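K.L.:
Below are the C-alpha cells for one structure; questions will follow.
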Amino acid sequence: MDDTKLERLLASDEAPVDSAAGLRRFRETVGAHAVRGYAPPARRRWTQALAAAATVAVLFAGLSITGVADSFFTIFQPKQVATVAIGTGDLTGLPDLSEFGTLTVTTQPAYRQAPTLDAARAETGIAPLRAATLPASVTGDARIYTVSRGEGTFRFDETKLRASADRVSRTPPPMPAAVAASTLHVSGGPAVVQSYGGSFDPKADPRSMSAGAPTLLIAQSKAPVIRSDGASFEELRAYMLSQPGISPRLAAQIKAIGDPAQTLIVPIPMDLASGKSVTVRGVRGIFVGDSTGLGSAVVWVADGVVNVVAGSLGEKELLGVADSLR
Amino acid sequence: MSAKVIELGTIPAPREPRLPVAFERLFDAEYARVVRIAQRVLGDATEAEDVAQEAFMSFYRAHPAEAPYAAPWLHAAAAHGALNVLRGRKRRVARETNDAIERAASAVADPESEAVLSEERALVREALARIPAKSASVLALRYSGLSYAEVAQAIGVKADQIGTLLRRAEEALRKEVMRNG
C-alpha cells in the first residue's frame, strides 16, 4: 500500500462546507448556554475601564457654558471626581464611539523625559507636587516625563452609524438632528508624570506592561475640556443613554450624579475593584482599590488640574504618599 | 482624551447573541478548513462539523479572536479533537463498517470493489487512531490541504521538519495498516 493510496483512503466524500450555517449553529449554542467569550486578563480590563472612564466622562459629564469666543461652547470641564460602579456586562456593552462618528487628532500629544521637576514646570506650566515621604518599597529617584497638550475633534456621522449597524443587522436608535450635526472639540493636558521603579512609556501598549511597570506614579494633568458646536450636554446624554448597550443601572448612576456639570466620572469594575470617597490635601477625591492586588489609585481635581497617585501599594501607603505631596 | 477613547466596547444586538466581529471573521475564514481536517480523520461530515464546533467553542472561551495563532490553534484542535473521537469509536466503527459493506454490496454496480474500498478505509482509520498522536495529526493536517508551513505552525515545529515528520508518519501508518490488514 503506497502513500498515494493511503492518502486516497483517508479522503471521503467532501460536500461543500456551509460556513454560514455553521456560524448560525455556533451563535445558537452560545445563546442557549450563555457561553461567555474570552475575557481579557485583569490588567487589560483595567485599561478598558480607564478608557471607559474617558468615554463616560466625554459623554455624560455636565453642561457648563463658560463663554468661549468661537462657535464652540464648553460642555465638560471637571472640577471634581466621582465613581460609578460597573459590572462586566456594562463594560462590554458600552457603545463603541468609533461607530458614531470620526475622531480626528488635530494636535498629537508629545511626551518626553525632563531632567528635573523645575524643567517640567517650565515646559508645562504645571507646578509638580513633590512627595515628602515615600514607602520603603519605593526606591530610587523618580523619572520625570512631560506630555504636551493634545487636541482632537469628534464629528458625529449618522451614515457611518447606519452602515456599521447594517453589517450586524441591527437597528440603532435614531440619531437626533442636533447630535448628527455636531462636532465636539476635545483637549487635554499638558501633564507631568513622575515614575518610580520600572518604566513608564505613555506610547506603550498598556496590555504589554507587566513586571516592568512602575511601583508608583504621580501624575498631574490640566483637566480635559470638551466643547460642542451643536448638541447640548442634555441632548448628548439623552441620546447616549438610549443606546441598547447602556444598562438601566449604569444610566441611573450617571443620572444621580449631583453636579454633573463639573464631575469627572471614573467607572469602577465591581468584580475587580472598589471605590470610595477620600479627602486628599483638603479636597474630596476618590480612592480606587484593586481587589486583584495589582494596585490602587487616588484621584482628585484641584485648581483645574486632575491629580492621580497610583501604584502597586496598599491604601494606607498610597494615601500617605498623596497627603505628603507638597 | 486620546484616540483610545473610541476603541471601546460594542453594542450588543437585542435578540440574537452577537459575537465579536473579529471572531465572526475568523469563523468565516477558517470554519471550512477546520471541518475538512476533522473529516479527513473521521470520514463523516456530521461528526466533523461537531468537532469543528467544539474547536471553535474552546477557542471562543479562552482566546482573543485577533490572536495571531488563531488559525494554527484551530487546525491543531480539529486534528486532536477528531482523533479523540476516532479512538473512542473504533470498536463501533468496526461493526458499522461491516454493515456498510453489506449495504454497499447490495447497492452499487461493482459491489465487491466498493466493499473492499470501504473495508480498507475503515482499516486505515483504525490504524490512524493507533499511531502516535503527532504523526496522526501531521497526516490529517497535510492531507486536508494545509501547506507545510501551516502544518508546522499547527503542531509547533519548524517548517523544514515537516517533510521528515510526514514521511515517518506515513511509514508508521502503513506499518500499522499492514500489521492489522
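K.L.:
Quick one: net charge around residue A:127, please, counting Lys, Arg +1 and Asp, Glu -1 for every other residue with C-beta under 14 Å from its C-beta.
P.N.:
On the way: positive: A:121, A:130, A:222, A:281, A:326; negative: A:118, A:123, A:303.
Within the 14 Å Cβ shell, the charges total +2.
K.L.:
Another question, then. Can you check what the net charge comes to around residue B:162, using other residues whose Cβ is under 13 Å from the Cβ of residue B:162 (Lys, Arg +1; Asp, Glu -1)? Can you show the working numbers first?
P.N.:
Working: positive: B:134, B:142, B:158, B:167, B:168; negative: B:150, B:160, B:170.
Value of the local net charge: +2.
K.L.:
Let me ask something else. Residue by residue through the stretch A:172-180, which ³J(HN,Hα) values in whole Hz follow from phi under the Karplus form 6.51 cos²θ - 1.76 cosθ + 1.60 (θ = phi - 60°), with glycine and proline marked x?
P.N.:
x, x, x, 7, x, 4, 5, 6, 4
K.L.:
Something else now. Within a 10 angstrom radius of the beta carbon, how do A:321, B:85 rank from fewest other beta carbons to most?
P.N.:
B:85, A:321
K.L.:
Then there is this: Using θ = phi - 60° and the Karplus curve 6.51 cos²θ - 1.76 cosθ + 1.60, what whole-Hz ³J(HN,Hα) does each residue of the stretch A:113-125 get, with Gly and Pro shown as x?
P.N.:
Couplings: 7, 10, x, 9, 5, 5, 5, 5, 5, 4, 6, 10, x Hz.
K.L.:
Local charge sum around residue B:148 (other residues, Cβ-Cβ under 11 Å, Lys/Arg +1, Asp/Glu -1)?
P.N.:
0
K.L.:
Scan around residue A:285 for amide H atoms under 5 Å from its own, H built in the peptide plane at 1.01 Å from N, and keep only partners 5 or more places away or cross-chain.
P.N.:
The answer is A:278, A:279, A:280.
K.L.:
Sorting A:14, B:24, B:49 on the 10 Å Cβ count, fewest up front, what's the list? Don't jump to the answer; show the numbers that get you there.
P.N.:
Values: A:14 14, B:24 17, B:49 20.
By the 10 Å Cβ count, ascending: A:14, B:24, B:49.
K.L.:
What residues have an amide H closer than 5 Å to that of residue A:86, excluding those fewer than 5 places away on the same chain, when H is modeled at 1.01 Å from N in the peptide plane?
P.N.:
Hits under the 5 Å cutoff: A:268, A:270.
K.L.:
While we're looking at this one, here's another question. Would you grab the residues whose amide H sits under 5 Å from the one on residue A:264? Only those 5+ places off in sequence or on another chain, please, with H modelled 1.01 Å from N.
P.N.:
A:79, A:80, A:81, A:82
K.L.:
When A:98, B:118 are ordered from fewest to most other Cβ atoms inside 10 Å of their Cβ, what list results? All intermediate terms of the calculation are to be shown ahead of the outcome.
P.N.:
On the way: A:98 17, B:118 21.
Lowest count first: A:98, B:118.
K.L.:
Residue by residue through the stretch B:37-50, what is 3J(HN,Hα) from phi via Karplus (6.51 cos²θ - 1.76 cosθ + 1.60, θ = phi - 60°)? Round to whole Hz and write x for glycine and proline.
P.N.:
For the stretch B:37-50, the Karplus curve yields 4, 5, 5, 4, 6, 9, x, 9, 5, 5, 5, 5, 5, 4 Hz.
All of the numbers you see were taken from the coordinates with simple rules; none came from a lab. Keep in mind that this is a model prediction, so the values were computed, not measured. For neighbour counting, all protein chains shown are included, and Cβ atoms are generated from backbone atoms with ideal geometry for every residue, glycine included.
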